[in-house]
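Trainee: Quick one: structure below, then a few questions.
The values are calculated or read from the model by the stated rules, or taken from the named source; none is laboratory data. Because the structure is a prediction, the values reported are computed rather than measured. Cβ sites come from the backbone with ideal geometry, for glycine too, and all protein chains shown count toward neighbours. Note: accessible area is taken over every heavy atom of the protein model, side chains too, but ligands, DNA and RNA are not part of it. Shrake-Rupley method; radii C 1.70, N 1.55, O 1.52, S 1.80 Å.
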Amino acid sequence: MEPKIDVLATLEAKARKTTIEELQQKGRRQLKVIRASEISGMIQESIRKTLEASELLPREQVDELVDRASAEFEELKEARIKEQRQARELATKLAKVQQDLEEAQKELERAHQECEALRQQGGAAAAPAALADGGASAAVMMKMMEELMALKAQVQQGAQGAAPAAGGNAAGLEEQLSKIAGALDEKLDRFGKKMGLSSAVDTATVDFSKLADRALEESAKLESNVDDVEIEKRKGAGIMGNLDKIRKMRGGG
Amino acid sequence: MDQERTEDQTNDFEAGMESASSSATSTSKLLGRGLDIGTANIAAAVQTEEGGVEVAVERNAFLDIKADVYSKNMLTKLKVPYVVHNGNLVVLGQSAFELANIFSRETRRPMSDGLISPSDVDALPMIQLIIEKVLGEPAERGENCYFSVPAESIDADNNVIYHQGLFEGLLKKMGYTAKPINEAHALVFAELADQDFTGIGLSFGGGMVNACVSYKTIPALQFSVARGGDWIDKNVAQVLGIKASKATSIKESGIDIRDPKTREEEAVSIYYRNLIHYLMENIQVRFQSGQDMPSFPDPIDIVCSGGTSLIGGFIEVFQDEFSKLDFPIPIRRIFRAEEALNSVAKGCLVAAAIGE
C-alpha cells in the first residue's frame, strides 16, 4: 500500500502555537482562522480534481479512491483523538499519584514526630519498647509502610498501562511513573531499615565461625612465649554509679 | 559552655591510673567483660572486687624479624611477646611498635580503618593472640563480653558485618557470650552517666572516628568517618617525607597542637584541625537534615575519647574549630574522658554488666 498522508497530523506537526498577547505585541489585531478539517477537505478535493483531470483513472475509481481515503482519514483521526484522551487521563492519574505520594510523606513525617514525642514522654525505655513490642508508634509506622506499598503497586500498574497507549506523551508519562515507583522503592527501603524491616528477603545469617576456628587453630600451632609475658594493667574508677543510674532510669531501683 | 574540664588532662589521666601487673582474672569477681577492639590498641576491662575497674591494654600491631637463636633468646630474656610464624619471629604489641621505630620500619597492623585488615593474611591469628592476652579466659563459661564495633562509615565502603561476625566467632570460641556495641555508644555509657546518658560521644581512634548522639541511653545517630590517628600520621608522613610510624612517634611525643614548635608539629596540628572540623561539619549536616534527631530540651555534653584525643591541646583546638560552626543544638561542655584510652572498654563493660 502506498504511504498515506495524515493531513491533520502534518498540520498539527507543522503548526506553531502562539498566544494572543504575543500576536498583539507583533501588531496583529485581527486573525483569519480556518478549521483543519476544511484544509483537509480542500486538499482531498484538489487531489480528486487532479486525478479526474489526468484521466488516468475512470470516474468511479476516483470516487472509490476518495471514499477509501476519507474513511482511512476518519479512522486515523479517531485513533489520534483516543490517544490524546488517554494521554490526558494518564496525566491526571500521574498528578493524583504525585499528590498521594506527598500526602503519604506528610503522614510519615507526622508519624515520625509522634514517635519522637512518645519517646521523649516515655523517657529511656518507652520508645524502643513501643517499637519492639508493636506499640502505638510501631502500628502507625507499619500502617504507613502498608500504604506506601499499596501506592507503589498503584504507580507500577499505571506505568504498565501507559506503555500500550503508545505515542510520545505516553512514553514520557511512563518514564515519570517509573521514576516515582523507583523513588517509592527507595523510601520504602529507608523507612524499613529505620524500623528494622527491609523489603529484601534475607533469612540466612552469615556465619563466620569457621574463619574464627581457623584462626584459633592456626595460632594454637604457633610457638610462642605470649603466655609467659605479663601485660600491663591499669586500675581505674569503677562503674557502679553508671550501673545504678541505668537501673534507676529503667525503673529497676 | 563549661570549660571546667577543658584543660589538658593527660597528666590527670596518668595520675588517675595506677599501674599494676597481675594476671587477667586475679582480681575479677564480678561477671562481664568489656573489650575495645581498636585499630591502634586493644583494651579489655573487668570489674574488680574492690569496686574498681582493671583495664589491660596492648598495641594492636606486630612486626616480623628474621628468626635466629640469638634474637629468640634475647626476646625471651627481655620478656618481649613473640610467636614463630612461617620461619620468622613475629613480635607483638607495644614492643613491635618500639622495635619498628628503632629499626626505622613500619609495623604490620591487623586492622586498618577500624576494621580487620583484609589484605594481611596473618592478621587474624595475630589479633587473636593479642585479644587472648588482654582479655584472658572467662570467669565462667558463657560470661558476657561486649566488644566494640565501628558504625558504618559515611565516607568509606567498609564491611562492618564481616568484622563483627569474625570477632563474635572468636570470642565465642574463647568461651564468652559475645555481643557487639557501637564504640561511641559505649563511650556514652562510660562517661555521660551524670547527664542521663544523653549527649554526643566521639571516639577518636586510630583508624576512624566514631560518633554517637544518644538520648537517655538510646542511640539516635551513629556513624563513623574513615579518618583517625592513622590518617593524620599518613598525611603528616607524606608532606614531611617520613615513615608513618615516625609520624606516630612525633604525635605521641607530648606535643601541644595549640602551639606547634617545629615543622613536624605544625603538620600534625594542621591535620588535627582538619579532622576535627571534618567530623563536626558532618555531625552538623546530619543534625540539620533533621532525620532521626531527638530534640534536646537542655544543652548537651560532647565527650571525646580514644588515643587520638590524648594529644596536648586537643580540647582547646576542638573548641576553637567548634566555634567556627553554626552548630544546631546548644552544647553545655566539651571535655575529654578522664580515662580516654580506656573509656570505650569501660563502656562495653557497663553494657556487659547490665546485660544490655
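Trainee: Confirm whether B:ASP122 is among the acidic types (Asp, Glu) and away from chain A (no Cβ under 14 Å). Before the answer, list the steps.
Mentor: Values: among the acidic types (Asp, Glu): yes; away from chain A (no Cβ under 14 Å): no.
When the stated conditions are applied, B:ASP122 does not pass them.
Trainee: Looking only at helices (runs of 4 or more DSSP H) that fall completely inside the range B:126-243, which ones have 3 or more residues that are over 16 Å from the mean Cα position of the chain (by Cα)? First the steps, then the outcome.
Mentor: Numbers: elements: B:160-173, B:183-191, B:229-240.
The qualifying helices (runs of 4 or more DSSP H) are B:160-173, B:229-240.
Trainee: Quick one: how many residues across the range A:229-252 are without any contact (Cβ under 8 Å) to a residue 40 or more places away in the chain, more than 7 Å from chain B (Cβ to nearest Cβ) and open to solvent by 80 Å² or more (accessible area, probe 1.4 Å)?
Mentor: 3
Trainee: Give B:ILE270, B:ILE257 a once-over and let me know the one that is at pLDDT 90 or above and open to solvent by less than 20 Å² (accessible area, probe 1.4 Å).
Mentor: Testing whether each residue is at pLDDT 90 or above and open to solvent by less than 20 Å² (accessible area, probe 1.4 Å) leaves just B:ILE257.
Trainee: Select from the range B:73-106 the residues that are more than 25 Å from the chain's Cα centre (by Cα), closer than 17 Å to A:GLU232 by Cβ and of a type in the set (A, V, I, L, M, F, W, C) and list them in ascending order.
Mentor: Listed by number, the list holds a single entry, B:LEU78.
Trainee: Okay, moving on. Got a number for residues in the range B:121-166 being farther than 20 Å from B:CYS348 by Cβ and of a type in the set (S, T, N, Q)?
Mentor: Result for the range B:121-166: 3.
Trainee: Here's a follow-up. Filter the range B:290-307 for residues that are more than 17 Å from the chain's Cα centre (by Cα) and in a loop (DSSP other than H, G, I, E, B) and give the result.
Mentor: Hits for the range B:290-307 are B:GLY290, B:GLN291, B:ASP292, B:MET293, B:PRO294, B:SER295, B:PHE296, B:PRO297, B:ASP298, B:PRO299.
Trainee: If you don't mind, there's one more thing I want to ask. Any residue in the range B:145-166 that is of a type in the set (Phe, Trp, Tyr) sitting within a Cβ distance under 8 Å of a residue that is part of a loop (DSSP other than H, G, I, E, B)? List the pairs, counting only those 6 or more apart or interchain.
Mentor: B:TYR146/B:GLU356; B:TYR162/A:VAL206; B:TYR162/A:PHE208
Trainee: Quick check on the range B:207-227: of everything there that is open to solvent by less than 10 Å² (accessible area, probe 1.4 Å), within 18 Å of B:ALA345 (Cα to Cα) and not polar (S, T, N, Q), which residue is nearest to the other protein chains (Cβ to nearest Cβ)?
Mentor: B:CYS212
Trainee: Given the criteria over 28 Å from A:GLY238 (Cβ atoms) and assigned by TED's automatic domain parsing to the domain that holds B:GLU191, does B:ILE270 qualify?
Mentor: In short, yes.
Trainee: How many residues does the range B:34-72 hold that are within 12 Å of B:LEU89 (Cα to Cα), away from every other protein chain (no Cβ under 11 Å) and either under 24 Å from the mean Cα position of the chain (by Cα) or not small (Gly, Ala, Ser) (or both)?
Mentor: The qualifying residues number 8.
Trainee: A follow-up question, please. So which residues in the range B:308-339 are out of contact with any strand residue (DSSP E or B) (no Cβ under 7 Å at 6 or more places or on another chain) and assigned to a loop (DSSP other than H, G, I, E, B), if there are any at all?
Mentor: Matches in the range B:308-339: B:ILE311, B:LYS324, B:LEU325, B:ASP326, B:PHE327, B:PRO328, B:PRO330, B:GLU338.
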